[in-house]
Amino acid sequence: MDFDDTPEEAAFRKEARAWLEANAPRRAERAALSLTVPDEAAELVRARAWQAKKAAAGYAEITWPKEYGGRGGTAMEAVIYAQEEAQFVTPQGFFPIGLMICVPILMQFGRPEHKARYLKPALYGEEIWCQLFSEPSGGSDVAGARLRAVRQDDGDWVLNGQKVWCSGGHYADYGVVVTRSDPSKPKHAGLTFFWVDMKAPGVEVRPIKQATGMKEFNEVFFTDVRIPDSQRLGGIDEGWKVVVHTLMLERQAVGAGYANIAGWRDAYDVARRSRYAGRPALEDPRVRERLADAYLTEQALQLNNFQALTALSRGETPGPEFAIGKLIGASALQQLGYLMMDLEGARALQVVEDDPVDARINYAWLWGAAARIAGGTDEIIKNILAERVLGLPPDIRLDKDRPFSEIPG
């Protein structure tokens, strides 16, 4: 494992840091994380302006080909830029799903005219994309999709059904969606993948209010939504191939996102100012043991990430590192939330956004459980690692070869 930048990477890091220093304020160490967006519309305007500036400078989606507005750079350069930008205060949250998951799918499977039309506006923040996978009867089981796509005599498709937990759907312009096109085939074989206009007639987006007070997720209803066959990505009834590629991108994005929410140092700060069982919390051996566990887990995750970065630096494709990071990182975040809630008691239930530590407690507690579902549940990830990494026998799937129409709803 190599922890050092190559000379070329070090030069790129210096260049990126200098540009950021000139264009954004530095982030205070371990600054508070806000649970709410006071004015989402205003924040979106700021985010679009920053995305356009970053794209014009060649730092947005560094690995994209130059003809699509990218830099034509390496995956390691993209990682380096992300590491540097994390040290500065910049608008976040509106574009990653589209740019890291949806648009790369369009880039790989879409038509040339669509790439020419949609990639650059997405890169510059002019248009936003979302992902439409989960349904009320199928979350992590993406192959259980029931949203119907029926081919018409003129070649168009008509979509009817529902999606749920669609992040950013209420401000997205376009989305990628997996549909059930042939219920007579086994569930993995009868899927077709499309991209859709979120403002098209028959598309209804209903925000879901969360316990945090935010409305990041949405239900999306499709009622006789007509789309041309040109918006199909991949072959008819061959959508599972596109789904698998999309999920790989999603788990890479999700697995990389937990470290910035909370860490063992936050738990240490809470323990240092708290009392437990009638004495300072740091004197209690049970608290010290849990802090040590948090520290060791965080270090292991960092080394796992370094292993993935080393593969990227060598031009290789990382193995199971991102799936492992997602599995362990989500659980570790939840355990940190438990520890800090145990130490803080009722105080931890308050949303105190002007205190960095308290804000991180709120964030870790509320997002810990959600993190174990996003990008595939723990059980799904364990099955993937067991079967594809360890070579263990596949899980028993009684519905694998049955026509989807015969599977109870």
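The values are calculated or read from the model by the stated rules, or taken from the named source; none is laboratory data. Just so it is clear, the structure is predicted and the values come from calculations on it, not from any experiment. Cβ: placed from backbone, ideal geometry, glycine included. Neighbour counts: every protein chain shown.
Some notes on this structure:
- Within the stretch 162-217, tally of residues that are in a strand (DSSP E or B) and at pLDDT 95 or above: 20
- Residues of the stretch 145-161 classified as under 28 Å from residue 382 (Cα atoms) and either touching a residue at least 60 places away in the same chain (Cβ under 8 Å) or assigned to a strand (DSSP E or B) (or both), total: 2
- Scanning the stretch 152-162 for any residue that is in contact with a helix residue (DSSP H, G or I) (Cβ under 8 Å, 6 or more places away or on another chain), within 23 Å of residue 231 (Cβ to Cβ) and not charged (D, E, K, R) turns up at least one such residue.
- Qualifying residue in the stretch 144-151 (condition: touching a helix residue (DSSP H, G or I) at 6+ places or on another chain (Cβ under 7 Å) and buried (at least 19 other Cβ atoms within 10 Å of the Cβ)): no
- Residue 132 vs. criteria under 14 Å from the mean Cα position of the chain (by Cα), at pLDDT 95 or above and not small (Gly, Ala, Ser): yes
- Considering 60, 116, 41, the condition of being farther than 30 Å from residue 4 by Cβ and at pLDDT 90 or above is satisfied by 116 alone.
- Subset of the stretch 166-192 (residues that are over 29 Å from residue 47 (Cα atoms) and not basic (Lys, Arg)): 179, 181, 182, 183, 184, 186, 188, 189, 190, 191, 192
- Residue among 20, 106 that alone is modelled with pLDDT of 95 or more and closer than 30 Å to residue 229 by Cβ: 106
- Selection count where residues are within 18 Å of residue 131 (Cβ to Cβ) and of a type outside the set (Val, Ile, Thr), scope the stretch 102-117: 8
- Every residue from the stretch 168-187 that is buried (at least 17 other Cβ atoms within 10 Å of the Cβ) and under 23 Å from the mean Cα position of the chain (by Cα): 168, 169, 170, 172, 174, 175, 176, 177, 178, 179
- Residues of the stretch 53-84 classified as crowded, with 17+ Cβ neighbours inside 10 Å and polar (S, T, N, Q), total: 1
- Which numbered condition residue 119 misses (of (1) within 28 Å of residue 70 (Cα to Cα); (2) touching a helix residue (DSSP H, G or I) at 6+ places or on another chain (Cβ under 8 Å); (3) surrounded by fewer than 22 Cβ atoms within 10 Å (Cβ to Cβ)): (3)
- Single match in 119, 106 (criterion: touching a His at 6+ places or on another chain (Cβ under 9 Å), of a type in the set (A, V, I, L, M, F, W, C) and not assigned by TED's automatic domain parsing to the domain that holds residue 65): 106
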